[in-house]
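Below: the structure, in structure tokens.
The values are calculated or read from the model by the stated rules, or taken from the named source; none is laboratory data. All values reported here derive from a predicted model rather than from experimental measurement. Heads up, the Cβs are rebuilt from the backbone with ideal geometry, glycines too, and the neighbour counts pull from every protein chain shown. Surface accessibility is based on the protein's heavy atoms, side chains included, excluding ligands, DNA and RNA. Shrake-Rupley method; radii C 1.70, N 1.55, O 1.52, S 1.80 Å.
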Amino acid sequence: MRTATLLTSAVLYAPGTLAQSTPAPATTAPATTAPATAASAQNASPGTTPPGITPPKLSWSKELRVLSPVTISANGDLTFIGSDGMVYRTDARGQEKWSFKTGDMGRSQPLVLPNGNILAASYDDQVYFLDASGKLLWKVKLDGDIYATPALRADGTFIVNTAGGTVHALNDQGKTLWTFKVGAPIYSSPAVAADGTIYFGAQNNQLHALTPDGKLKWTFSAKSLVFSSPALDSAGNVYFGSSDRHIYSVDPSGKLRWDKTTGMFVNASPIVTDNNLVVVGSYDGTVSAINTTGEDEWKYKANAAVAGSATELSDGTIVVPDLSGTLHAIGKAGQALWTLPTGKKIDTGVSVSDSGVMYFTTEGGTLNALEKTRPLAVGAWTSFRGHPQGWGRLLTTPELEARKQATRAAATAVLAQAPTQTPTPSPAAKPASPTRPTPPVTPPATGTTAGTTPPAQNKPAPSPQASTPAAPSLTPEQAAAMTGQAAKVFARQIYVPLTPASVATGWNVQSLTSMTATLGLPGSAGTAVPVRYVAGQPYVRLASLLGLPGTTAQYARGTLSVTRAGKTASIPLNVVTLLPFTITPEYSTNQ
């Protein structure tokens, strides 16, 4: 009889290949138009197009298995991580130039450095450093999956957050400068201020601030998990969302400046526009614009939950994706300009080149392009990572000037399909003031949750539409059978479908996001475990399930017996069929 110890080893380290789906053809519905004025800046919603505004047409669409947010080089080349675990470099029209194989897929946005080198991270716990031709220069293994996008500091070193709960500072040779242990998974991408302070959220419900040399400055406690990656304004104030249904602003000392309540949780990462507006969407389908001093400017109602970050274009247009697969263009007063429904989920923010090509990824990894748009606005944090190359820090004055120069031609070009704004601000609410000083500039997110976050795009990780799944109707016996039948292998690890697995083992799914599920019992805080998505369904690593408090397991004759609280679930699991028992010894102590 194979014991639970052997099973755990097999679950964690068994060899296997990543399942790939057959790409679906792109199906993009025609753009719809929006009203010339906002009926109310506090309640704007999609409608019909005002005079002088032409909805965009999709320029092209390609099945490229895109999973991470897309990074755009100065020459227009695209870099991203695919669901097949490859780092891809393509030209501006999606034609592959080179690819590099990592050990797993990844949702983290690659960084492109000023010299053209690339820093990429994946779910295999490793960071890869490539030159501009895709040649590996070095790689380093860290202490957990890397969901968050790293940050590039002004001195050329990197900050990398892991799901193992550690912040790593690496130099450009891959050597560790310092580490900081949080003690909880980190899915929030770090943001680096002008003074070098590093900000990020974590699954301990806190926003953290570290000194440049990795010492804790302070923490700020929200009331629930912080997936959202922070954004910074030119004064160094910090903005982030939380699963507690709030948008927060704290000053550089960690003191609360203001907070705003939303209808659902906020996993998307905020942006700060060049007109001093904090813009972020939530899972209630509302995009909120709040000026940096805490006054509500406008609210826009999308038709579905929002998980990806907003993006500001040079003419002040805000572009936001929702989980139903619709892109929304929002004017300066919060009015709808146009919508572009695709019918396929979008959970990372758009990327925009300096020449004005807008890219977005739909579920399944399809890369779509809208040509002849405006470039990114130049401001403190106008997209997921504040910079087309994904740097994640406030820029220096020379860098800001370089961004203005790079985008000037596209920002001032006469466009045949230009979404020229002629908004009339609503009398019901104060419009965004055009006279405020423009602060200095930077997703995935994408993202995030984009990004992301976190975390991104994209069968393995689409964001769910609700924080708590509906109660299942399966019996524990049916759920156990379904769990075993639907088990899959990804990157040498066994994954099982979350819903039947939780029913079979008696856990409640307290919340579900694009990256984690929180499993617990009524009245308990619960434990967050990573998830990935297969054909839109969340899967959890079997080893994570077996590692939950009070859980024991044994495997014998094709049946996994999982016991918790005196109850045993018998899950039919043919491990030999799923994967051969060829355990590689050098991995046995490194997971």
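Scan (1) more than 15 Å from Ile271 (Cβ to Cβ); (2) open to solvent by 10 Å² or more (accessible area, probe 1.4 Å); (3) of a type in the set (Ser, Thr, Tyr) for the single condition Ser351 breaks and write down its number.
(1)
If Leu137 satisfies all but one of (1) over 30 Å from Thr527 (Cβ atoms); (2) assigned to a loop (DSSP other than H, G, I, E, B), what's the number of the condition it fails?
In the conditions (1) over 30 Å from Thr527 (Cβ atoms); (2) assigned to a loop (DSSP other than H, G, I, E, B), Leu137 misses (2) alone.
Being closer than 9 Å to Leu367 by Cβ, assigned to a strand (DSSP E or B) and among the β-branched types (Val, Ile, Thr) is the filter here, so list the residues in the range 52-96 that pass it.
Passing the criteria: Val66, Thr90.
Keeping to the range 245-261, report how many residues are at negative phi, open to solvent by 20 Å² or more (accessible area, probe 1.4 Å) and not hydrophobic (A, V, I, L, M, F, W, C).
9
Anything in the range 194-213 that is open to solvent by 10 Å² or more (accessible area, probe 1.4 Å) and in a loop (DSSP other than H, G, I, E, B)? List them, or say none.
Here is the first cut: in the range 194-213, the residues open to solvent by 10 Å² or more (accessible area, probe 1.4 Å) are 194-196, 203-206, 211-213.
The answer is Ala194, Asp195, Gly196, Gln203, Asn204, Asn205, Thr211, Pro212, Asp213.
When you scan the range 475-589 for strands (runs of 3 or more DSSP E) that lie fully inside it, which ones turn up with 3 or more residues that are at pLDDT 80 or above, under 21 Å from Phe265 (Cβ atoms) and aliphatic (A, V, I, L, M)?
Details: elements: 488-490, 493-497, 508-512, 516-520, 527-534, 537-541, 551-556, 559-564, 567-572.
The strands (runs of 3 or more DSSP E) meeting that bar are 527-534.
Please pick out the residue among Ala289, Ala329, Ala305, Ala333 that is within 15 Å of Ala231 (Cα to Cα) and aliphatic (A, V, I, L, M). Explain how you work it out, then say what you get.
Working: Ala329 fails: within 15 Å of Ala231 (Cα to Cα); Ala305 fails: within 15 Å of Ala231 (Cα to Cα); Ala333 fails: within 15 Å of Ala231 (Cα to Cα).
Sole residue among the options that is within 15 Å of Ala231 (Cα to Cα) and aliphatic (A, V, I, L, M): Ala289.
Which one of these is of a type in the set (Lys, Arg), closer than 25 Å to Gly349 by Cβ, open to solvent by less than 30 Å² (accessible area, probe 1.4 Å) and touching a strand residue (DSSP E or B) at 6+ places or on another chain (Cβ under 9 Å): Arg107, Arg93? Give the derivation first.
Working: Arg93 fails: open to solvent by less than 30 Å² (accessible area, probe 1.4 Å).
Checking each option against the conditions leaves just Arg107.
From Gly392, Gly364, Gly343, which residue is surrounded by 22 or more Cβ atoms within 10 Å (Cβ to Cβ), small (Gly, Ala, Ser), at pLDDT below 95 and within 26 Å of Tyr88 (Cα to Cα)? Before the answer, list the steps.
Working: Gly392 fails: at pLDDT below 95; Gly343 fails: surrounded by 22 or more Cβ atoms within 10 Å (Cβ to Cβ).
Answer to the selection: Gly364.
Can you say whether Gly183 is part of a loop (DSSP other than H, G, I, E, B), at pLDDT below 95 and of a type outside the set (Phe, Trp, Tyr), as far as the supplied structure shows?
For Gly183, the condition - part of a loop (DSSP other than H, G, I, E, B), at pLDDT below 95 and of a type outside the set (Phe, Trp, Tyr) - is met.
Can you tell me which condition Thr397 does not meet? The list is (1) closer than 25 Å to Asn161 by Cα; (2) of a type in the set (Val, Ile, Thr); (3) open to solvent by 10 Å² or more (accessible area, probe 1.4 Å), and all the others hold.
It is condition (1) that Thr397 fails.
Any idea which residue in the range 535-552 is surrounded by the fewest Cβ atoms within 10 Å (Cβ to Cβ), counting only those that are aliphatic (A, V, I, L, M) and within 18 Å of Gln485 (Cα to Cα)? Spell out how you get there, then give the answer.
Taking the range 535-552 as the starting set, the residues that turn out to be aliphatic (A, V, I, L, M) are 535, 540, 542-543, 545-546, 548.
Then drop every residue that is not within 18 Å of Gln485 (Cα to Cα), which leaves 535, 540, 542-543, 545-546.
Numbers: Ala535: 12, Val540: 23, Leu542: 26, Ala543: 20, Leu545: 25, Leu546: 18.
Checked the range 535-552; the qualifying residue surrounded by the fewest Cβ atoms within 10 Å (Cβ to Cβ) is Ala535.
Take the residues in the range 263-281 that are under 16 Å from His246 (Cβ atoms) and surrounded by fewer than 24 Cβ atoms within 10 Å (Cβ to Cβ); name whichever of them is nearest to the chain's Cα centre (by Cα). It would help to see each step written out before you state the result.
Taking the range 263-281 and keeping what is under 16 Å from His246 (Cβ atoms), we get 263-270, 278-281.
If we keep only those that are surrounded by fewer than 24 Cβ atoms within 10 Å (Cβ to Cβ) as well, we get 263-264.
Details: Gly263: 20, Met264: 17 Å.
So, considering only residues that are under 16 Å from His246 (Cβ atoms) and surrounded by fewer than 24 Cβ atoms within 10 Å (Cβ to Cβ), the one nearest to the chain's Cα centre (by Cα) is Met264.
Suppose we filter the range 215-240 for residues that are open to solvent by 10 Å² or more (accessible area, probe 1.4 Å), among the small types (Gly, Ala, Ser) and either under 18 Å from Trp178 (Cβ atoms) or in a strand (DSSP E or B) (or both); how many remain?
1
Just need a number here: residues in the range 251-264 that are farther than 26 Å from Ala528 by Cα and assigned to a strand (DSSP E or B).
The total comes to 3.
Of the residues Ala191, Ala154, Ala169, only one is under 20 Å from Asp213 (Cβ atoms), open to solvent by 20 Å² or more (accessible area, probe 1.4 Å) and of a type in the set (Gly, Ala, Ser); which? If you could, list the steps in order and put the result at the bottom.
On the way: Ala191 fails: open to solvent by 20 Å² or more (accessible area, probe 1.4 Å); Ala169 fails: open to solvent by 20 Å² or more (accessible area, probe 1.4 Å).
Going through Ala191, Ala154, Ala169 in turn, just one is under 20 Å from Asp213 (Cβ atoms), open to solvent by 20 Å² or more (accessible area, probe 1.4 Å) and of a type in the set (Gly, Ala, Ser): Ala154.
I want to confirm something. Restricting to the range 298-313 and keeping residues that are under 16 Å from Val272 (Cα atoms) and surrounded by 24 or more Cβ atoms within 10 Å (Cβ to Cβ), which single residue is farthest from the chain's Cα centre (by Cα)? Steps first, answer last, please.
From the range 298-313, those under 16 Å from Val272 (Cα atoms) are 298-299, 308-313; that's our starting set.
Subsequent filtering for residues that are surrounded by 24 or more Cβ atoms within 10 Å (Cβ to Cβ) retains 298, 308-313.
Values: Trp298: 24, Gly308: 7, Ser309: 8, Ala310: 12, Thr311: 14, Glu312: 17, Leu313: 20 Å.
Among those residues, the one meeting the criterion is Trp298.
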